[in-house]
Amino acid sequence: MKHEAHTDILTFRLGSEKLALPAEYLREILEMVPITRVPQSGTFATGLINVRGVVVPLADLRVALRIPRSPATQDTRVLVLDVRIAGEKSTVAILADQVEEVTTMNTAEIEDVPPVGSPWPPEFVLGIGQHKGAFVMFPDLDTIFKTYSAANAAKEKVAA
């Protein structure tokens with residue numbers, strides 16, 4: 001009998017796309033909170049939020065994954081996550097148009113992104129799976145945040 005590994009995931013939506021993150025990344029889910037805009041910030045991380053007295057950068061994965069932006073609704077949530085940036089654990093927040101559920105998925109059902117036909121940048125996607133009859137994309141948060149953090153650092157050096 002083959003051993004099947006399972007992982008706990010959080011599924012959520014950005015526009016019409018269904019995404020999933022390993023539940024271990026999730027710190028908490030918040031309703032929309034006031035966002036302090038950061039002047040001259042890029043389109044990826046445009047603001048800061050206060051999470052229980054701690055300042056946390058808020059990012060929009062739609063920018064990295066080329067998903068069209070949509071206005072916030074009553075279902076919009078903020079996902080507070082722990083990711084690795086340059087080898088260090090960092091707390092960040094991302095927007096979700098709608099949070100669906102925390103569930104379990106068989107890791108054998110997660111496949112590589114096809115080299116042709118994917119609307120998402122392949123370097124930012126760990127894999128694609130099927131969940132409840134729909135494709136679900138697993139973004140590579142560590143790579144996305146590392147890439148956009150490096151881009152911001154380079155932009156700051158040019159401005160100096």
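The values are calculated or read from the model by the stated rules, or taken from the named source; none is laboratory data. None of these values were measured; they are calculated from a predicted model. Ideal geometry is used to build each Cβ from the backbone, glycine not excepted, and the neighbour counts take in all protein chains shown. For accessibility, only protein heavy atoms count, side chains too; no ligands or nucleic acids. Shrake-Rupley method; radii C 1.70, N 1.55, O 1.52, S 1.80 Å.
With the alpha-carbon atoms of region 94-150 aligned to their principal axes, the span from lowest to highest coordinate is 36, 27, 19 Å, starting with the largest. Cβ-Cβ distance of Ser41 and Asp82, R₀ of 25 Å, FRET efficiency by 1/(1 + (r/R0)^6): the value works out to about 0.70. Can you tell me which aspartates and glutamates have their Cα less than 20 Å from the Cα of Lys146? Leave out same-chain residues fewer than eight positions away. Straight-line reach from Lys146, under 20 Å: Glu24, Asp60, Asp82, Glu88, Glu123, Glu156. The structure shown yields Rg/Rh (Cα atoms, Kirkwood Rh), and of the options (i) 1.00; (ii) 0.97; (iii) 1.13 that calculated value carries the label (ii). Helical runs assigned H by DSSP (4 residues or longer) give the chain a calculated mean residue ellipticity at 222 nm of -4500 deg cm²/dmol, each run adding -39500 (n - 2.57) before division by the residue total. Just to be sure I understand: with springs between alpha-carbon atoms less than 10 Å apart, which residue in Ala134, Ala72, Ala45 has the highest mean-square fluctuation in the Gaussian network model of the chain? It is Ala134. Annotation for region 45-116: trypsin sites (Lys or Arg not before Pro) lying in DSSP loop with at most 13 further Cβ atoms inside 10 Å of their Cβ are Arg52, Arg66, Arg69. Dipole check for the chain: with +1 at the C-beta of Lys and Arg, -1 at the C-beta of Asp and Glu, and the Cα centre as origin, the magnitude is about 560 Debye.
Placing unit charges on the Cβ atoms only, positive for Lys and Arg and negative for Asp and Glu, gives region 4-80 a dipole magnitude near 360 debye about its Cα centre.
Per residue, the solvent-accessible area of the chain (1.4 Å probe, heavy atoms of protein chains only, all protein chains present) comes to 58 Å².
Computed from point charges on the beta carbon alone (+1 for Lys and Arg, -1 for Asp and Glu), the dipole magnitude for region 61-118 about its Cα centre is near 360 Debye. In order along region 62-68, phi translates into HN-Hα couplings of 4, 5, 5, 9, 6, 9, x Hz, rounded to whole numbers, per the Karplus curve 6.51 cos²θ - 1.76 cosθ + 1.60 with θ = phi - 60° and x for Gly and Pro.
The apolar share of the surface of region 56-99, taken as the fraction of accessible area on carbon and sulfur atoms (1.4 Å probe, ligands and nucleic acids excluded), comes to 48 percent. Taking Cα atoms only, the orientation of helix 141-159 departs from the longest principal axis of the chain by about 20 degrees. In whole angstrom, how far apart do the alpha carbon centroids of region 27-41 and region 95-116 sit? Each part reduced to its Cα centre gives a spacing of 24 Å.
Quarter the surface of the alpha carbon convex hull of region 51-113 and you get the mean projected area, 6.6 square nanometres. Ranking Pro68, Phe138, Val113 by Cα position along the charge dipole of region 41-155, where only Lys, Arg, Asp and Glu carry charges on their C-beta atoms, puts Pro68 farthest toward the positive end. Potential lengthening of the chain between Arg13 and Gln74 amounts to 20.6 nm, from the contour at 0.36 nm per residue minus the alpha-carbon distance.
Estimate the FRET efficiency between Val63 and Val116 by the formula 1/(1 + (r/R0)^6), using the beta-carbon distance for r and 25 Å for R0, to the nearest 0.05.
Plugging the Cβ-Cβ distance into 1/(1 + (r/R0)^6) gives 0.60.
For region 6-26, the residues whose backbone nitrogen is under 19 Å from a point 7 Å from the Cα of Ala108, taken along Cα to Cβ, are 6-9. Looking at region 1-71, the GluC sites (Glu not before Pro) that sit in a DSSP loop and have at most 11 other Cβ atoms within 10 Å of their own Cβ are Glu4.
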